[in-house]
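The values are calculated or read from the model by the stated rules, or taken from the named source; none is laboratory data. Just so you know, these numbers come straight off a predicted model, no measurement behind them. Neighbour counts are summed over all protein chains in view; Cβ atoms, including those assigned to glycine, are modelled from backbone coordinates with ideal geometry.
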């Protein structure tokens, strides 16, 4: 299939933008100027100024001499790039691949797009009309290659649409500038009297290469379609993407819900057929006033379950402000994964960790409140109590380490050990009594000590001698002495947990 | 004749229970743990699953004991690779300890939230999730409306919910099927053996719908819950007055 490209040339990009912002300027000549080597040079002039023979590149003082009433504005660096990027994003409605062509153009890959507008002529007319309605003067052309479209948009006389395969013919009568050559090469061509492409395009390639360099050959090949040319689209198209343009702008919540439901159905059916599921989805709304609203969801496990995904989006749908209306909905899945086919259970049993319903519950909580609040723990190979568990990264993660059950561990562990006052009869004996939060506990039974060394390769510090003790009321505690017994040191004993 | 009459009464009671809203659990949902004498208190002598149970504790030591007992019940309900969701604001639970109560700690998913509103939302969502073995919620306050919502959620999904209320401001009426209070009892290893024995609890069932409340002294002996028999209890020696 031959590809079709449209190039748009903004003839008066910056001045059109300024007159749109200040409508009073529409009928007055004005220019934009920027300082250059100590003088003010014109960077852009509007149509009226150009009629008075004021062109970009002139010195402002000269232009003022020609036209005393000329208005001069400061040019903002980077303005063109900013405007073109916004236009490129807006142009996505005409085709998914749009690239910025600095300093004053856009390139649209409209392969397979124009029939939606009823043919190429109608397609171009529509684009032109939309830009003209916004006050922008554009010239454009459509061809099989970017090079030809670019050339025809800027230098073409009559025909805007170049038929498939007609690149070479279209280029013949154009000047060499149309081929996007380097400035030096163009100058040399003119010096040699080669003022039209047809005068040199038939020359032997070796001669062209020798005289005008490799770049010239490349540009000629790109324009004629001998070599492929790539564009860098402003938005890379996600392979899993569904679009829903609307006849009338959507303003109601119900309308948005229906749009989402429809998009989810098509996307999920496609994912289902390919045996895939999405891990991340993005719902993008293009508003009439050129604003783009995006909401995103993520899932724990690949899923193509429409109802579940809809529920995840539902929480966030209320954040969409339709304002004047939404004219295009896009649903894309930037992250997809292969989905292992699930066996449908015949009986409704107790679900295990692999169950889809559990994953969906986790997704809902994670989307509403945040995934950082959900934890699952696995045993870790450390004796130090605080490090004996580690957080699992996913629901499926497993370790070879088994949960240890040989030493007593408290049901409740304090976040940090708390200091207690004790009376211990002998070194290495459990204390007789301790005071915790003002209450005296007389110890009746005790187990221990269990010495746990601090892991010196992780942190420095004293070891702990843990005792499990029970007081006269039957309450069981996990207490420890930090370091060896020392008569001088008093603050040595801590409580670390409560046994069941 | 006498036995026949008892049979009739038992049969009639069984017929009445479904009318009162009690559903009998499916085989793979039932509590696979022998509760001993406690089972007598339940309607139909089986632990009510698919309902909300309320646990009250007032001291940190009792909270730990309550956690232990919830752990036992959860372990009994999670035998078939089940999953538990544990939701709370300030979780103190140390997962490795649950191994001792027959629960695989890696099959518990903890959701730690700060606001009561979020906890209740997460609780309701979890209780609605069919197939979970249990959902444990740690929240001090629960009014009647909230408990009603949770109860309605489980009636559909048949999930068993345990609500642990630590230091509640007031113990109000609610729609939970039962109310438990667990306190720890001194353990015993036997005559003159030093050290701490199996955890022992004083389990009081303050309220149970269609059942008989009661109190039991039980011991968790590594994998079974058994009543404390008198000869096991270490009776404190009374000071005897010497004569002469």
All-but-one check, residue B:165 against (1) touching a helix residue (DSSP H, G or I) at 6+ places or on another chain (Cβ under 8 Å); (2) modelled with pLDDT of 90 or more, failing number (1)
Residue count, the stretch A:225-251, condition farther than 25 Å from residue A:270 by Cα, within 27 Å of the chain's Cα centre (by Cα) and part of a loop (DSSP other than H, G, I, E, B), comes to 6
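If you check residue B:44 against the conditions, is it within 12 Å of chain A (Cβ to nearest Cβ) and out of contact with any strand residue (DSSP E or B) (no Cβ under 8 Å at 6 or more places or on another chain)? Steps first, please.
Numbers: within 12 Å of chain A (Cβ to nearest Cβ): no; out of contact with any strand residue (DSSP E or B) (no Cβ under 8 Å at 6 or more places or on another chain): yes.
Judged against the criteria, residue B:44 is not a match.
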How many residues of the stretch A:275-291 are more than 13 Å from the chain's Cα centre (by Cα) and in a strand (DSSP E or B)? The answer is 7
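Going by the conditions given, is residue A:91 at pLDDT 85 or above and under 20 Å from residue A:4 (Cα atoms)? Outline the logic, then answer.
Values: at pLDDT 85 or above: yes; under 20 Å from residue A:4 (Cα atoms): yes.
It is true that residue A:91 is at pLDDT 85 or above and under 20 Å from residue A:4 (Cα atoms).
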Going through (1) in contact (Cβ under 8 Å) with a residue 40 or more places away in the chain; (2) closer than 24 Å to residue A:297 by Cβ one by one, residue A:262 fails only at (1)
Taking the stretch B:102-128 and keeping only residues that are closer than 21 Å to residue B:47 by Cβ and either without any contact (Cβ under 8 Å) to a residue 40 or more places away in the chain or more than 7 Å from every other protein chain (Cβ to nearest Cβ) (or both), one is left with B:102, B:103, B:104, B:107, B:108, B:123, B:127
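Kindly evaluate residue A:295 against the criterion of being modelled with pLDDT of 85 or more, within 24 Å of residue A:84 (Cα to Cα) and assigned to a strand (DSSP E or B). Give the steps one after another, and end with the answer.
Details: modelled with pLDDT of 85 or more: yes; within 24 Å of residue A:84 (Cα to Cα): no; assigned to a strand (DSSP E or B): yes.
Against the criterion (modelled with pLDDT of 85 or more, within 24 Å of residue A:84 (Cα to Cα) and assigned to a strand (DSSP E or B)), residue A:295 does not qualify.
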Listed by range, strands (runs of 3 or more DSSP E) wholly within the stretch B:191-233 having at least 3 residues that are more than 18 Å from residue B:34 (Cα to Cα) are B:200-208
- Query: Would the stretch A:141-157 turn up any residue that is surrounded by fewer than 19 Cβ atoms within 10 Å (Cβ to Cβ) and closer than 29 Å to residue A:243 by Cα?
  - Reply: no
Filtering the stretch B:79-101 down to residues that are buried (at least 22 other Cβ atoms within 10 Å of the Cβ), within 20 Å of residue B:225 (Cα to Cα) and more than 7 Å from chain A (Cβ to nearest Cβ) yields B:98, B:101
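Go through A:425, A:430, A:449 for me and flag whichever is part of a loop (DSSP other than H, G, I, E, B) and within 13 Å of another protein chain (Cβ to nearest Cβ). Working first, answer last.
Details: A:425 fails: within 13 Å of another protein chain (Cβ to nearest Cβ); A:449 fails: part of a loop (DSSP other than H, G, I, E, B).
Step by step, each of A:425, A:430, A:449 is checked, and only A:430 is part of a loop (DSSP other than H, G, I, E, B) and within 13 Å of another protein chain (Cβ to nearest Cβ).
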Those helices (runs of 4 or more DSSP H) completely within the stretch A:156-224 that have 2 or more residues that are free of Cβ contacts under 8 Å to residues at least 24 places away in the same chain and under 22 Å from residue A:102 (Cα atoms) are A:183-191, A:214-224
Within the stretch A:372-417, residues being more than 9 Å from chain B (Cβ to nearest Cβ), touching a residue at least 60 places away in the same chain (Cβ under 8 Å) and either in a strand (DSSP E or B) or surrounded by 13 or more Cβ atoms within 10 Å (Cβ to Cβ) (or both) number 5
